[in-house]
Amino acid sequence: MSKADEAGKRLIFRSARIFDGDSDALIEGKDVVAAGGVIEDVASPDPAIDRDAEVIDCSGRVLMPGLIDAHVHVYAAGLNITRVVQSPMSYLAHFAAKFLHGCLDRGFTTVRDVGGADVGLVGAIRDGLLGTVPRLFYGGRVISQTGGHGDFRPGDHALDGVTCCGCGFHSDHMAVVADGADAVRRAVREELRRGASHIKIMGSGGVASPTDPLDRCQYSDDEIKAAVDEAERAGSYIAAHCHPPEAVRRAAAFGVRSIEHATLIDRETAEFVAECGSYAVPTMATLFGLLEEGAALGLPAVSVEKLRKIGDSALKGLEIMKLAGVKMGLGSDLLGQQHVRQSSEFTLRAQVLPAIDVLRSACSVNAELMGQAGRLGCIRKGAVADLLVIDGNPLENISLLAGDHAGIAMIVKDGKFHKRSR
Ligand code: ZN
Ligand code: ZN
């Protein structure tokens with residue numbers, strides 16, 4: 001059997017307007033030919049190859065690459081992370097399966113987990129135990145300083161309705177606590193040994209953690225430099241959680257490749273990030289999701305209070321980064337049942353950014369950030385055949401990718417149909 005037969009029939013997407021994941025203008029009059037799970041060609045229609053292929057008429061529709069979400073936590077089964085990290089792994093694994101299926105139904109064919117996902121889940125996906133789900137890149141456990149954003153042991157919030165049985169006093173499934181450059185090096189090596197494709201560190205306080213101020217930096221210069229050094233030597237890279245400008249600036253200065261959130265970024269810092277060439281991955285979906293219904297869904301009061309500090313400046317941060325020319329990826333960072341809001345990342349960003357920028361972030365920029373340029377997030381010869389057929393033009397109406405997802409007529413992953421409404 002040929003490789004093409006193994007992966008199913010050759011598919012020809014005809015008469016589509018093509019968004020290639022990067023270019024401003026749609027490409028017209030070309031066929032996209034998929035075979036063996038990859039894009040074999042983007043070329044003028046050729047009757048000679050039609051015979052042994054299935055031709056899919058895409059007239060009036062836009063064909064685009066499968067979406068990438070560069071900031072998810074597939075094991076974040078609830079809004080109270082202190083509880084999540086004490087949950088049995090079996091429960092978290094089932095949550096992850098549901099989360100991943102939801103992602104694919106929303107058109108996300110690739111996700112990057114930045115805290116939690118591990119080799120066991122990737123093995124289960126590889127062995128077909130979950131059926132068809134997005135391709136998963138994982139960073140293993142987040143690395144945090146004691147008392148940092150990844151230290152979920154009960155602290156002075158223990159009276160805030162959070163259990164305090166002490167079982168969270170070991171390092172958990174989601175995070176590992178490491179202090180001092182040597183310990184950080186060792187933690188980075190350990191996660192890489194477990195197969196992580198990238199390493200996530202905590203560069204500032206955050207919303208979900210109980211005791212650390214959101215607007216203060218975490219980790220010393222030496223610790224961050226040690227993490228970057230270890231990751232780079234292994235051919236990997238660092239993603240760092242950062243809200244305040246100073247944390248963002250330090251991350252960029254020390255060679256962090258992927259700066260997560262960057263919520264409070266100012267103009268000067270954005271210009272510096274652009275100069276350094278780091279990427280930023282803002283996460284609007286979780287911010288607005290938690291502001292709207294976090295308290296009702298069990299987000300601890302201390303976190304709700306922290307959120308108020310960053311809510312106002314988040315969208316402004318996007319405009320600042322756009323003006324400064326920061327390479328912006330796209331992430332959603334949703335917790336628990338809020339994962340259904342994943343596609344609100346598009347509509348929220350489109351309030352202040354052109355749709356083309358938002359789509360590029362979810363396609364070519366995310367792929368580049370993850371070292372997958374030319375393979376994922378693009379429509380070009382040799383790329384993986386992850387494709388969406390959209391009923392209309394998302395460059396004019398980005399909400400076609402959101403809402404109930406009826407605007408996504410077809411979802412193709414690895415050259416095979418996952419959804420085909422008509
Ligand atoms: Zn974070
Ligand atoms: Zn996160």
task = Would you mind stating whether Ala314 is assigned by TED's automatic domain parsing to the domain that holds Cys58 and either under 18 Å from the mean Cα position of the chain (by Cα) or more than 16 Å from ligand 2 (Cβ to nearest atom) (or both)?
result = no
ask   = Taking region 190-226 as the search range and keeping residues that are in a loop (DSSP other than H, G, I, E, B), within 16 Å of ligand 1 (Cβ to nearest atom) and among the charged types (D, E, K, R), which one is modelled with the lowest pLDDT?
value = Asp212
ask   = Which one of Ala48, Ala124 is open to solvent by less than 40 Å² (accessible area, probe 1.4 Å) and free of Cβ contacts under 8 Å to residues at least 40 places away in the same chain?
value = Ala124
task = Examine region 330-344 for a residue that is among the aliphatic types (A, V, I, L, M), touching a helix residue (DSSP H, G or I) at 6+ places or on another chain (Cβ under 7 Å), open to solvent by 10 Å² or more (accessible area, probe 1.4 Å) and within 16 Å of ligand 2 (Cβ to nearest atom), and state whether such a residue exists.
result = yes
Among residues of region 245-254, those that are outside any helix (DSSP H, G or I) and open to solvent by less than 10 Å² (accessible area, probe 1.4 Å), counted = 0
task = Could you please find all residues in region 221-254 being of a type in the set (Ser, Thr, Tyr) and either more than 19 Å from Val273 (Cα to Cα) or within 16 Å of ligand 2 (Cβ to nearest atom) (or both)?
result = Ser236
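Filtering region 255-265 down to residues that are outside any strand (DSSP E or B) and open to solvent by less than 60 Å² (accessible area, probe 1.4 Å), which residue is farthest from ligand 2 (Cβ to nearest atom)?
So the residue we want is Gly255.
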query = From Phe272, Phe288, which residue is farther than 24 Å from Arg112 by Cα, open to solvent by 20 Å² or more (accessible area, probe 1.4 Å) and touching a residue at least 12 places away in the same chain (Cβ under 8 Å)?
reply = Phe272
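The values are calculated or read from the model by the stated rules, or taken from the named source; none is laboratory data. Every value quoted in this text rests on a predicted model; they were computed, and no experiment measured them. With ideal geometry, Cβ positions are generated from the backbone for all residues, glycine too; neighbour counts draw on all protein chains shown. Accessible surface is based on the protein model in full, side chains and every heavy atom, while ligands, DNA and RNA are left aside. Shrake-Rupley method; radii C 1.70, N 1.55, O 1.52, S 1.80 Å.
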